[in-house]
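The values are calculated or read from the model by the stated rules, or taken from the named source; none is laboratory data. The structure presented is a predicted model; accordingly, all values stated were derived computationally and were not measured. Quick reminder, even Gly has a Cβ in these numbers, built from the backbone with ideal geometry, and neighbours come from all protein chains shown.
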Amino acid sequence: MDTTGLYGKHADAERARKRIADLEKQHLQLFGTKSRALFSTAGRTELGGNHTDHNLGKVLAGSINLDTIAAVHAVPENRVTFISEGYPKLDVDISDTKADPALFGTTEALIRGVAHAMAKRGGRTGGFCANVSSSVLKGSGLSSSASVEVLLGTIFNSLYNDDRFSTTELAIMGQEAENIHFGKPSGLMDQLACANGGIVGIDFRNPAQPAITPVAIDFADYGYDLVITTTGGNHADLTDDYASIPSEMKAVARFFGKKSLSEVSEIQFMNSIGELRKALGNDRAIIRAGHFFAENRRVDAMIAALKDKDIPAYLALVRETGDSSFKFLQNIFSPKAPEGQGIALACAMTDAFLKGEGACRVQGGGFAGTIEAYIPCDRTASYFAFMEKTFGKDCCTTLAIRNLPTMRIG
(Lines give C-alpha, C1' and ligand atoms only; values in the text may rest on other atoms or scores of the structure.)
Protein backbone atom coordinates (compact mmCIF):
# COMPACT_ATOMS: atom_id res chain seq x y z
CA MET A 1 0.00 0.00 0.00
CA ASP A 2 1.31 3.45 -0.96
CA THR A 3 0.91 5.53 2.20
CA THR A 4 2.36 8.78 0.82
CA GLY A 5 -1.04 10.36 0.14
CA LEU A 6 -2.22 9.60 3.66
CA TYR A 7 0.86 10.48 5.68
CA GLY A 8 3.08 12.65 3.49
CA LYS A 9 6.26 12.03 1.56
CA HIS A 10 8.44 12.41 4.64
CA ALA A 11 6.54 9.84 6.73
CA ASP A 12 7.92 6.49 7.79
CA ALA A 13 6.11 4.39 5.18
CA GLU A 14 7.10 1.07 6.73
CA ARG A 15 5.77 2.13 10.13
CA ALA A 16 2.50 3.24 8.53
CA ARG A 17 2.08 -0.08 6.71
CA LYS A 18 2.83 -2.00 9.92
CA ARG A 19 0.19 -0.01 11.82
CA ILE A 20 -2.42 -0.97 9.24
CA ALA A 21 -1.27 -4.62 9.15
CA ASP A 22 -1.41 -4.82 12.96
CA LEU A 23 -4.96 -3.47 12.86
CA GLU A 24 -5.98 -6.22 10.43
CA LYS A 25 -4.38 -8.89 12.63
CA GLN A 26 -6.19 -7.53 15.68
CA HIS A 27 -9.47 -7.66 13.77
CA LEU A 28 -9.03 -11.40 13.17
CA GLN A 29 -8.12 -11.95 16.82
CA LEU A 30 -11.04 -9.91 18.14
CA PHE A 31 -13.81 -11.06 15.80
CA GLY A 32 -12.63 -14.43 14.47
CA THR A 33 -12.85 -13.27 10.86
CA LYS A 34 -10.78 -11.16 8.50
CA SER A 35 -11.71 -7.56 7.96
CA ARG A 36 -13.40 -6.79 4.65
CA ALA A 37 -12.58 -3.10 4.47
CA LEU A 38 -10.13 -0.51 5.82
CA PHE A 39 -10.96 3.16 6.40
CA SER A 40 -8.99 6.28 7.28
CA THR A 41 -10.16 9.73 8.43
CA ALA A 42 -7.72 12.51 9.26
CA GLY A 43 -7.58 14.85 12.20
CA ARG A 44 -7.41 18.55 11.45
CA THR A 45 -5.52 21.68 12.37
CA GLU A 46 -6.89 25.21 12.30
CA LEU A 47 -4.62 27.55 10.33
CA GLY A 48 -6.68 30.74 10.46
CA GLY A 49 -10.10 31.97 11.50
CA ASN A 50 -9.98 31.51 15.26
CA HIS A 51 -13.49 31.18 16.73
CA THR A 52 -15.26 32.49 13.63
CA ASP A 53 -17.22 29.43 12.48
CA HIS A 54 -19.87 29.62 15.22
CA ASN A 55 -20.87 33.06 13.90
CA LEU A 56 -20.89 31.76 10.31
CA GLY A 57 -17.60 33.40 9.40
CA LYS A 58 -14.55 32.17 7.50
CA VAL A 59 -11.83 29.72 8.52
CA LEU A 60 -8.72 28.16 7.05
CA ALA A 61 -8.06 24.59 8.13
CA GLY A 62 -6.13 21.55 7.00
CA SER A 63 -6.49 17.81 7.36
CA ILE A 64 -3.33 16.29 8.78
CA ASN A 65 -1.24 13.14 8.66
CA LEU A 66 -2.56 11.96 12.03
CA ASP A 67 -5.65 9.85 11.45
CA THR A 68 -8.20 7.40 12.79
CA ILE A 69 -8.16 4.06 10.99
CA ALA A 70 -10.63 1.19 11.21
CA ALA A 71 -10.71 -2.44 10.07
CA VAL A 72 -14.32 -3.40 9.39
CA HIS A 73 -16.65 -6.17 8.32
CA ALA A 74 -20.42 -5.90 7.87
CA VAL A 75 -22.85 -8.05 9.87
CA PRO A 76 -26.54 -8.84 9.23
CA GLU A 77 -27.64 -7.69 12.69
CA ASN A 78 -28.53 -4.03 13.16
CA ARG A 79 -25.72 -3.57 15.67
CA VAL A 80 -22.36 -1.84 15.66
CA THR A 81 -19.51 -3.41 17.59
CA PHE A 82 -16.79 -0.81 18.04
CA ILE A 83 -13.47 -1.49 19.74
CA SER A 84 -11.06 1.43 20.03
CA GLU A 85 -7.54 0.95 21.37
CA GLY A 86 -7.45 1.54 25.11
CA TYR A 87 -11.22 1.71 25.55
CA PRO A 88 -13.94 -0.81 26.48
CA LYS A 89 -15.79 -2.67 23.74
CA LEU A 90 -19.02 -1.02 22.62
CA ASP A 91 -22.01 -2.97 21.34
CA VAL A 92 -24.62 -0.52 20.07
CA ASP A 93 -28.13 -1.32 18.82
CA ILE A 94 -28.77 1.16 15.99
CA SER A 95 -32.43 0.22 15.64
CA ASP A 96 -33.08 2.99 18.17
CA THR A 97 -31.11 6.14 17.41
CA LYS A 98 -33.04 8.76 19.37
CA ALA A 99 -30.84 11.18 21.29
CA ASP A 100 -30.39 10.17 24.92
CA PRO A 101 -28.98 12.76 27.35
CA ALA A 102 -27.71 9.92 29.52
CA LEU A 103 -25.24 9.11 26.73
CA PHE A 104 -23.90 12.65 26.24
CA GLY A 105 -20.12 12.68 25.87
CA THR A 106 -19.82 9.01 24.83
CA THR A 107 -18.73 7.25 21.65
CA GLU A 108 -21.99 5.30 21.75
CA ALA A 109 -23.81 8.61 21.35
CA LEU A 110 -21.74 9.40 18.25
CA ILE A 111 -22.49 6.00 16.68
CA ARG A 112 -26.21 6.43 17.27
CA GLY A 113 -26.07 10.07 16.16
CA VAL A 114 -24.31 9.43 12.85
CA ALA A 115 -26.69 6.54 12.07
CA HIS A 116 -29.66 8.80 12.86
CA ALA A 117 -28.35 11.66 10.72
CA MET A 118 -27.75 9.36 7.76
CA ALA A 119 -31.16 7.67 7.99
CA LYS A 120 -32.83 11.09 8.25
CA ARG A 121 -31.34 11.94 4.84
CA GLY A 122 -32.65 8.76 3.24
CA GLY A 123 -29.43 6.81 3.66
CA ARG A 124 -29.22 3.16 4.66
CA THR A 125 -27.52 2.01 7.83
CA GLY A 126 -26.58 -1.45 8.99
CA GLY A 127 -24.43 -3.37 11.39
CA PHE A 128 -20.68 -3.75 11.34
CA CYS A 129 -17.77 -4.77 13.54
CA ALA A 130 -14.82 -2.42 13.69
CA ASN A 131 -11.57 -2.15 15.58
CA VAL A 132 -10.07 1.29 15.57
CA SER A 133 -6.67 2.91 16.09
CA SER A 134 -6.17 6.67 16.31
CA SER A 135 -2.99 8.72 16.10
CA VAL A 136 -4.98 11.98 16.50
CA LEU A 137 -3.74 13.37 19.80
CA LYS A 138 -6.59 13.75 22.27
CA GLY A 139 -6.90 17.11 23.98
CA SER A 140 -4.59 18.79 21.48
CA GLY A 141 -7.21 20.68 19.47
CA LEU A 142 -6.76 18.36 16.47
CA SER A 143 -10.37 17.15 16.54
CA SER A 144 -10.19 13.51 17.55
CA SER A 145 -13.98 13.40 18.07
CA ALA A 146 -14.73 14.91 14.64
CA SER A 147 -12.36 12.38 13.08
CA VAL A 148 -14.36 9.54 14.65
CA GLU A 149 -17.71 11.06 13.61
CA VAL A 150 -16.64 11.41 9.98
CA LEU A 151 -15.08 7.93 10.04
CA LEU A 152 -18.40 6.43 11.17
CA GLY A 153 -20.23 8.23 8.38
CA THR A 154 -17.66 7.04 5.85
CA ILE A 155 -18.14 3.42 6.95
CA PHE A 156 -21.94 3.58 6.66
CA ASN A 157 -21.58 5.41 3.34
CA SER A 158 -19.28 2.77 1.87
CA LEU A 159 -20.89 -0.40 3.24
CA TYR A 160 -24.53 0.52 2.71
CA ASN A 161 -24.87 3.51 0.39
CA ASP A 162 -22.41 3.02 -2.50
CA ASP A 163 -20.65 6.24 -1.39
CA ARG A 164 -23.64 8.37 -2.42
CA PHE A 165 -23.03 11.02 0.24
CA SER A 166 -20.37 13.68 -0.35
CA THR A 167 -17.63 14.47 2.13
CA THR A 168 -19.41 17.72 3.00
CA GLU A 169 -22.64 15.82 3.71
CA LEU A 170 -20.72 13.39 5.93
CA ALA A 171 -19.26 16.36 7.80
CA ILE A 172 -22.70 17.86 8.40
CA MET A 173 -23.93 14.50 9.71
CA GLY A 174 -20.98 14.34 12.07
CA GLN A 175 -21.68 17.83 13.40
CA GLU A 176 -25.34 16.94 13.91
CA ALA A 177 -24.34 13.84 15.88
CA GLU A 178 -21.99 15.91 18.03
CA ASN A 179 -24.52 18.68 18.66
CA ILE A 180 -27.64 16.61 19.31
CA HIS A 181 -26.48 13.19 20.49
CA PHE A 182 -23.08 13.94 22.03
CA GLY A 183 -24.28 17.18 23.62
CA LYS A 184 -21.51 19.48 22.41
CA PRO A 185 -22.56 22.66 20.53
CA SER A 186 -19.62 22.78 18.11
CA GLY A 187 -19.35 24.50 14.74
CA LEU A 188 -18.77 22.64 11.48
CA MET A 189 -15.13 23.50 10.83
CA ASP A 190 -13.69 20.39 12.50
CA GLN A 191 -15.78 17.90 10.57
CA LEU A 192 -15.36 19.63 7.22
CA ALA A 193 -11.58 19.76 7.56
CA CYS A 194 -11.38 16.11 8.64
CA ALA A 195 -13.63 15.03 5.76
CA ASN A 196 -12.34 16.99 2.78
CA GLY A 197 -8.57 16.59 2.79
CA GLY A 198 -5.89 19.18 2.08
CA ILE A 199 -6.04 22.81 3.13
CA VAL A 200 -9.51 24.30 2.78
CA GLY A 201 -10.88 27.78 3.14
CA ILE A 202 -14.46 27.51 4.42
CA ASP A 203 -17.08 30.25 4.33
CA PHE A 204 -20.00 29.36 6.59
CA ARG A 205 -22.28 32.22 5.50
CA ASN A 206 -24.69 29.58 4.13
CA PRO A 207 -24.33 26.85 6.78
CA ALA A 208 -26.38 24.32 4.81
CA GLN A 209 -23.93 24.63 1.91
CA PRO A 210 -20.59 26.01 3.14
CA ALA A 211 -18.41 27.40 0.36
CA ILE A 212 -15.13 25.45 0.25
CA THR A 213 -11.93 26.68 -1.40
CA PRO A 214 -9.24 23.98 -1.62
CA VAL A 215 -5.55 24.92 -1.59
CA ALA A 216 -2.80 22.37 -2.28
CA ILE A 217 0.53 23.09 -0.60
CA ASP A 218 3.22 21.34 1.42
CA PHE A 219 4.92 23.75 3.83
CA ALA A 220 8.04 21.55 3.90
CA ASP A 221 8.57 22.33 0.20
CA TYR A 222 9.09 25.95 1.28
CA GLY A 223 11.42 25.18 4.16
CA TYR A 224 9.00 25.05 7.11
CA ASP A 225 7.69 22.31 9.37
CA LEU A 226 4.25 22.74 10.91
CA VAL A 227 4.70 21.86 14.59
CA ILE A 228 2.22 21.71 17.44
CA THR A 229 3.29 21.94 21.07
CA THR A 230 1.04 20.66 23.85
CA THR A 231 1.56 22.86 26.87
CA GLY A 232 -0.35 20.84 29.47
CA GLY A 233 -3.91 21.07 30.73
CA ASN A 234 -5.52 23.72 32.88
CA HIS A 235 -7.46 22.19 35.77
CA ALA A 236 -10.08 24.95 35.73
CA ASP A 237 -13.44 24.16 34.11
CA LEU A 238 -13.12 26.00 30.80
CA THR A 239 -16.65 25.37 29.52
CA ASP A 240 -17.85 28.87 30.40
CA ASP A 241 -14.75 30.43 28.82
CA TYR A 242 -15.41 28.70 25.50
CA ALA A 243 -19.14 29.45 25.60
CA SER A 244 -18.56 33.14 26.30
CA ILE A 245 -17.01 33.73 22.87
CA PRO A 246 -19.96 32.78 20.63
CA SER A 247 -22.49 34.18 23.08
CA GLU A 248 -20.75 37.57 23.27
CA MET A 249 -20.35 37.78 19.50
CA LYS A 250 -24.01 36.90 19.05
CA ALA A 251 -25.00 39.54 21.60
CA VAL A 252 -23.40 42.11 19.28
CA ALA A 253 -25.27 40.60 16.32
CA ARG A 254 -28.58 40.83 18.21
CA PHE A 255 -28.02 44.55 18.73
CA PHE A 256 -28.38 44.84 14.94
CA GLY A 257 -31.36 42.46 14.86
CA LYS A 258 -29.30 39.58 13.46
CA LYS A 259 -28.56 36.05 14.64
CA SER A 260 -24.86 35.95 13.78
CA LEU A 261 -22.09 38.44 13.02
CA SER A 262 -21.86 37.20 9.43
CA GLU A 263 -25.11 39.11 8.80
CA VAL A 264 -23.65 42.40 10.10
CA SER A 265 -21.42 44.64 7.97
CA GLU A 266 -18.10 45.71 9.45
CA ILE A 267 -18.81 49.35 8.57
CA GLN A 268 -22.14 49.16 10.41
CA PHE A 269 -20.35 47.65 13.40
CA MET A 270 -17.58 50.27 13.46
CA ASN A 271 -20.07 53.11 13.24
CA SER A 272 -22.05 51.77 16.21
CA ILE A 273 -19.36 51.05 18.81
CA GLY A 274 -20.45 53.89 21.11
CA GLU A 275 -24.05 52.71 21.05
CA LEU A 276 -22.92 49.11 21.59
CA ARG A 277 -21.01 50.08 24.74
CA LYS A 278 -24.11 51.69 26.21
CA ALA A 279 -26.43 48.86 25.20
CA LEU A 280 -24.26 45.89 26.14
CA GLY A 281 -22.11 47.16 28.98
CA ASN A 282 -19.51 44.66 27.79
CA ASP A 283 -16.36 45.97 26.09
CA ARG A 284 -14.98 42.47 25.65
CA ALA A 285 -17.93 41.48 23.46
CA ILE A 286 -17.22 44.46 21.19
CA ILE A 287 -13.50 43.67 21.02
CA ARG A 288 -14.25 40.03 20.16
CA ALA A 289 -16.64 41.12 17.42
CA GLY A 290 -13.85 43.27 15.98
CA HIS A 291 -11.63 40.20 15.94
CA PHE A 292 -14.33 38.34 13.97
CA PHE A 293 -14.43 40.90 11.18
CA ALA A 294 -10.64 41.23 10.94
CA GLU A 295 -10.17 37.47 11.03
CA ASN A 296 -12.52 36.97 8.10
CA ARG A 297 -10.43 39.39 6.03
CA ARG A 298 -7.25 37.61 7.12
CA VAL A 299 -8.58 34.24 6.00
CA ASP A 300 -9.20 35.61 2.50
CA ALA A 301 -5.67 37.06 2.47
CA MET A 302 -4.16 33.78 3.72
CA ILE A 303 -5.87 31.82 0.95
CA ALA A 304 -4.60 34.30 -1.64
CA ALA A 305 -1.04 34.12 -0.25
CA LEU A 306 -1.06 30.30 -0.35
CA LYS A 307 -2.41 30.24 -3.90
CA ASP A 308 0.38 32.63 -4.91
CA LYS A 309 2.92 30.50 -2.97
CA ASP A 310 3.87 33.70 -1.12
CA ILE A 311 5.01 32.08 2.11
CA PRO A 312 6.47 35.27 3.71
CA ALA A 313 3.09 37.01 3.27
CA TYR A 314 1.28 33.95 4.63
CA LEU A 315 3.52 33.76 7.72
CA ALA A 316 2.99 37.47 8.39
CA LEU A 317 -0.76 36.78 8.41
CA VAL A 318 -0.26 33.82 10.77
CA ARG A 319 1.47 36.17 13.18
CA GLU A 320 -1.43 38.61 12.82
CA THR A 321 -4.06 35.99 13.60
CA GLY A 322 -2.09 34.85 16.65
CA ASP A 323 -1.74 38.43 17.83
CA SER A 324 -5.46 39.07 17.37
CA SER A 325 -6.39 35.96 19.35
CA PHE A 326 -4.13 37.10 22.17
CA LYS A 327 -5.19 40.77 22.35
CA PHE A 328 -8.74 40.86 21.05
CA LEU A 329 -10.35 37.40 21.15
CA GLN A 330 -8.63 36.85 24.53
CA ASN A 331 -8.58 33.03 24.51
CA ILE A 332 -4.96 32.51 25.55
CA PHE A 333 -5.64 31.85 29.23
CA SER A 334 -8.67 31.60 31.49
CA PRO A 335 -9.49 34.71 33.52
CA LYS A 336 -10.60 32.29 36.24
CA ALA A 337 -7.05 30.92 36.54
CA PRO A 338 -4.64 33.64 35.35
CA GLU A 339 -1.66 31.89 36.91
CA GLY A 340 -1.97 29.13 34.29
CA GLN A 341 -0.69 30.61 31.03
CA GLY A 342 0.88 27.69 29.19
CA ILE A 343 -0.15 28.94 25.75
CA ALA A 344 1.25 32.42 26.36
CA LEU A 345 4.47 30.94 27.72
CA ALA A 346 4.85 28.61 24.73
CA CYS A 347 4.26 31.50 22.31
CA ALA A 348 6.80 33.66 24.13
CA MET A 349 9.38 30.87 24.03
CA THR A 350 8.69 30.19 20.34
CA ASP A 351 9.09 33.87 19.43
CA ALA A 352 12.38 33.97 21.33
CA PHE A 353 13.55 30.82 19.54
CA LEU A 354 12.54 31.97 16.05
CA LYS A 355 13.97 35.51 16.30
CA GLY A 356 11.74 36.79 13.50
CA GLU A 357 11.65 33.61 11.40
CA GLY A 358 8.51 31.51 11.01
CA ALA A 359 5.40 32.20 13.06
CA CYS A 360 3.23 30.84 15.85
CA ARG A 361 -0.37 31.11 17.06
CA VAL A 362 -2.85 29.47 19.41
CA GLN A 363 -4.22 26.21 18.01
CA GLY A 364 -8.00 25.85 18.14
CA GLY A 365 -10.20 26.75 21.08
CA GLY A 366 -7.50 28.11 23.35
CA PHE A 367 -7.55 29.01 27.07
CA ALA A 368 -5.27 25.99 27.63
CA GLY A 369 -3.66 23.35 25.47
CA THR A 370 -1.80 23.75 22.22
CA ILE A 371 0.10 26.20 20.03
CA GLU A 372 0.96 25.86 16.37
CA ALA A 373 4.27 27.02 14.90
CA TYR A 374 6.00 27.18 11.52
CA ILE A 375 9.61 26.22 12.19
CA PRO A 376 12.45 26.28 9.62
CA CYS A 377 13.05 22.63 8.79
CA ASP A 378 16.74 22.80 9.67
CA ARG A 379 15.84 24.06 13.17
CA THR A 380 12.99 21.68 14.02
CA ALA A 381 15.08 19.25 16.06
CA SER A 382 16.52 22.13 18.08
CA TYR A 383 13.03 23.53 18.64
CA PHE A 384 11.83 20.18 19.99
CA ALA A 385 14.72 20.05 22.45
CA PHE A 386 14.14 23.67 23.48
CA MET A 387 10.43 23.21 24.18
CA GLU A 388 10.80 19.82 25.88
CA LYS A 389 12.90 21.40 28.63
CA THR A 390 9.77 23.25 29.76
CA PHE A 391 6.79 21.20 28.59
CA GLY A 392 8.18 17.68 28.81
CA LYS A 393 9.25 14.90 26.47
CA ASP A 394 7.12 14.42 23.37
CA CYS A 395 5.30 17.75 23.83
CA CYS A 396 6.02 18.60 20.17
CA THR A 397 4.64 16.88 17.08
CA THR A 398 5.46 17.63 13.45
CA LEU A 399 2.37 17.68 11.24
CA ALA A 400 2.01 17.36 7.50
CA ILE A 401 -1.01 18.34 5.45
CA ARG A 402 -2.86 15.29 4.12
CA ASN A 403 -4.37 15.91 0.71
CA LEU A 404 -6.70 12.88 0.66
CA PRO A 405 -10.27 13.00 2.01
CA THR A 406 -11.90 10.58 4.42
CA MET A 407 -11.91 7.33 2.52
CA ARG A 408 -11.88 3.58 2.22
CA ILE A 409 -8.24 2.59 1.81
CA GLY A 410 -8.60 -1.16 1.36
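Which ranges mark the helices (runs of 4 or more DSSP H) fully within the stretch 128-216 that have 2 or more residues being assigned by TED's automatic domain parsing to the domain that holds residue 46 and surrounded by fewer than 24 Cβ atoms within 10 Å (Cβ to Cβ)?
Here the list reads 144-160, 167-176.
Could you name every one of the helices (runs of 4 or more DSSP H) located completely within the stretch 218-297 that has at least 2 residues being at pLDDT below 95 and either among the hydroxyl-bearing types (Ser, Thr, Tyr) or surrounded by fewer than 20 Cβ atoms within 10 Å (Cβ to Cβ) (or both)? First the steps, then the outcome.
Numbers: elements: 239-255, 266-270, 273-280.
Passing ranges, in order: 239-255.
Would you kindly identify the strands (runs of 3 or more DSSP E) lying entirely within the stretch 22-126 that contain at least 2 residues that are over 29 Å from residue 3 (Cα atoms)? Explain how you work it out, then say what you get.
Details: elements: 37-48, 58-75, 79-84, 90-93.
Once the strands (runs of 3 or more DSSP E) in the stretch 22-126 are filtered for at least 2 residues that are over 29 Å from residue 3 (Cα atoms), what remains is 90-93.
Of the residues 85, 77, only one is modelled with pLDDT under 90 and either surrounded by fewer than 24 Cβ atoms within 10 Å (Cβ to Cβ) or over 30 Å from residue 328 (Cβ atoms) (or both); which?
Numbers: 77 fails: modelled with pLDDT under 90.
Testing whether each residue is modelled with pLDDT under 90 and either surrounded by fewer than 24 Cβ atoms within 10 Å (Cβ to Cβ) or over 30 Å from residue 328 (Cβ atoms) (or both) leaves just 85.
Just give me the residues in the stretch 135-176 being modelled with pLDDT of 90 or more and within 30 Å of residue 232 (Cβ to Cβ), in sequence order.
Those that are modelled with pLDDT of 90 or more and within 30 Å of residue 232 (Cβ to Cβ): 147, 148, 149, 150, 151, 174, 175.
Rundown of residues vs (1) out of contact with any strand residue (DSSP E or B) (no Cβ under 9 Å at 6 or more places or on another chain); (2) farther than 30 Å from residue 314 by Cβ; (3) modelled with pLDDT of 95 or more, yes/no style:
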residue	(1), (2), (3)
4	yes, no, no
9	yes, no, no
17	yes, yes, no
21	yes, yes, no
44	no, no, no
48	no, no, yes
64	no, no, no
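Test residue 373 against the stated conditions and say whether it is surrounded by fewer than 23 Cβ atoms within 10 Å (Cβ to Cβ) and hydrophobic (A, V, I, L, M, F, W, C). Give the steps one after another, and end with the answer.
On the way: surrounded by fewer than 23 Cβ atoms within 10 Å (Cβ to Cβ): no; hydrophobic (A, V, I, L, M, F, W, C): yes.
Answer is no for this residue.
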